[in-house]
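The block underneath contains the structure these notes are about, expressed in structure tokens.
The values are calculated or read from the model by the stated rules, or taken from the named source; none is laboratory data. Quick caveat: nothing in here was measured; it's all calculated off a predicted structure. Here Cβ is always computed from backbone atoms with ideal geometry, including for glycine, and neighbour counts include all displayed protein chains. Accessible surface is based on the protein model in full, side chains and every heavy atom, while ligands, DNA and RNA are left aside. Shrake-Rupley method; radii C 1.70, N 1.55, O 1.52, S 1.80 Å.
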Amino acid sequence: MAVRYRHRQWGLVAIATCLGSGALGAVLLWNAGHGIVAAGLLATELVIALLFASLTVEIGDGELCWFFGPGLWRYRVPLDAITEIAVVRNKWRHGLGVGIVSGVRFYTVSGLDAVELRLVHGHVRRIGTDDPHGLAAAIRGARSAQRRAAQGA
């Protein structure tokens, strides 16, 4: 994919929470004589911290793509499937990671700022970012460039 925009946001609170709770739980379990369970808990929390350490958003080749951490799974939306773009602020209760609230699918690792995308089939996606205005402008610019290229073809 020829990338026109790329931004990575780190979820430092999520990383610290996973590692801190994993370490505390492991110490408590270890002291209670459950060494194997302690190691399993710590390993699980390390994996979760790695998978949700960051959220990367890219725009290129006619699509918007985003993924958590190392990118084991990616989410994609064709730019021409986006009908509306808005900078929004999530509620704290929506949490971190991937979630659905009232039909809106959320993807976030830190903070409350997001870009809301309304799609052609009525679906709504909110992508958390610490660069909401830059991301919204990049999506609008890529959509405009895509339309100009289609008209010129």
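Proximity of backbone amide H atoms, modeled 1.01 Å from N, is registered between T129 and D113, A114, V115 at under 5 Å, excluding neighbours fewer than 5 places apart on the same chain. What the chain shows is 55 Å² of accessible area per residue, with the surface traced by a 1.4 Å probe over protein heavy atoms. With the simple spin-label model, which puts each label point 7 Å out from Cα in the Cβ direction, the A16 to D61 separation comes to 3.8 nm.
Close amide-amide hydrogen proximity is noted between A53 and G69, each under 5 Å apart and 5 or more residues distant or on a separate chain (H modeled in the peptide plane; Pro and chain starts excluded). Working note: Cα atoms of region 1-58, range along each principal axis, descending, whole Å: 53, 20, 6. Taking 0.36 nm per residue of sequence separation and removing the Cα-Cα distance, the R93/V3 pair yields an extension gain of 29.1 nm.
Taking trypsin sites (Lys or Arg not before Pro) across region 64-153, the ones in a DSSP loop with at most 10 further Cβ atoms lying within 10 angstrom of their Cβ are K91.
Rounded to the nearest 20 Debye, what is the dipole magnitude of region 16-153 about its Cα centre when Lys and Arg each give +1 and Asp and Glu each give -1 at the C-beta?
The calculation lands at about 400 debye.
The convex hull defined by the C-alpha atoms of the chain has an orientation-averaged projected area of 10.1 nm². Relative to the longest principal axis of the Cα atoms of the chain, the long axis of helix 35-51 lies at roughly 20 degrees.
Working from label points 7 Å from Cα in the Cα-to-Cβ sense, the T83 to V27 distance is 5.3 nm.
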